[in-house]
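Here, each number is a calculation from the coordinates, and none is a lab measurement. Nothing here was measured: the structure is a model prediction, and the numbers come from that model. We place every Cβ from the backbone using ideal geometry, glycine too, and count neighbours over all the protein chains shown.
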Amino acid sequence: MDVDFPREIHDAIGDGAIMENGMKLVLLLAQVMTLVSALVVVLHPNILYATIFLLFSFLGVAVMFVFAGADFLAGAQVIVYVGGVTILVLFAIMLTQWLYEAKLKTTLMKGLIPFIVVMGALGPILIKETLKLSDSVSATPPEKMGEFAALAKTQLIGQALLGNYLLPFEAITILLLGALVGAVWLARPE
Amino acid sequence: MNILDWATSLQAYLVVGTCLFLLGVFAVLSRRNTIGILLGIELILNAAGINFVAFSKFRAAAIDGQVFTLFVILIAAAEAAVALAVILRFYRLKETINADEANILRN
């Protein structure tokens with residue numbers, strides 16, 4: 001498929017070998033921002049601040065999507081998560097416990113068992129397997145990755161949704177309709 | 001290896017995804033507030049999306065992983081809408097959104 005992207009964009013979102021150091025720094029900062037914001041989401045005692053930091057975590061993930069050549073997904077991420085889900089959660093917080101109960105009940109003792117489960121058992125295993133997996137995966141040639149990254153994703157995703165993925169696509173439209181009607185019905189006034 | 005080069009590697013994407021997943025699991029397990037649990041679930045779904053997108057670029061160089069991430073984003077949106085409606089309902093019933101209070105079936 002021929003796409004006439006400028007060469008600079010091709011280089012910027014393509015393979016790491018020809019990416020400029022400044023762009024790499026942006027990606028690194030996005031990754032750090034994602035994780036630090038997620039840490040605040042998990043630990044902050046005030047649910048309102050946790051939600052606002054969730055927004056920054058989502059934005060960091062969107063930047064990571066851009067660098068992985070998923071421009072359409074980055075847009076969808078910003079629109080759906082930052083513009084939709086986070087605002088929805090903020091509304092729910094303000095409708096339920098805004099003034100008097102904004103503090104989360106997470107005492108040190110209650111967090112202790114989950115901490116042991118996550119850091120003692122799940123974490124080491126998963127991190128070890130992740131490192132092993134990423135070493136064993138035979139990487140695609142950088143030229144092919146750069147070529148893929150420069151393709152127009154909106155067109156490809158549209159073709160995939162109405163081609164190979166038509167059935168999941170239709171199923172998910174029905175799921176969305178059902179979920180939204182159900183949500184409105186559940187939240188209706190008495 | 002230079003840390004800037006590492007940031008663009010598959011390993012960096014996978015490590016960030018794994019850490020997000022672990023943080024999400026920790027949030028789901030430790031939070032008592034139902035909205036806090038919901039935030040943890042969103043983190044987990046995002047971690048899944050990162051992995052799909054990373055493998056879509058670094059392994060397959062094909063669009064399929066991105067399509068699945070799109071599905072994940074849509075399901076997360078639907079899930080958030082329903083979950084928040086349930087939380088509102090629960091709040092009207094119990095005047096709290098503490099998950100420990102959701103014990104009507106136990107009596």
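Nearest 10 degrees, 0 to 90: what angle lies between the long axis of helix B:10-30 and the longest principal axis of chain B (Cα atoms)? Result, in degrees: 10. Peptide B:90-102 is shielded by partner chain Cβ atoms: per residue, an average of 2 of them sit within 10 Å of its Cβ.
Here the protein assembly as shown yields Rg over Rh of 1.00, to two decimals, using C-alpha coordinates and the Kirkwood radius. Put simply, the amide H of B:Asn33, placed in the peptide plane, has neighbours under 5 Å in A:Lys105, B:Ala99, leaving out anything fewer than 5 places away on its chain. Peptide A:44-53 has a mean shielding of 2, counted as Cβ atoms of other protein chains within 10 Å of each residue's Cβ.
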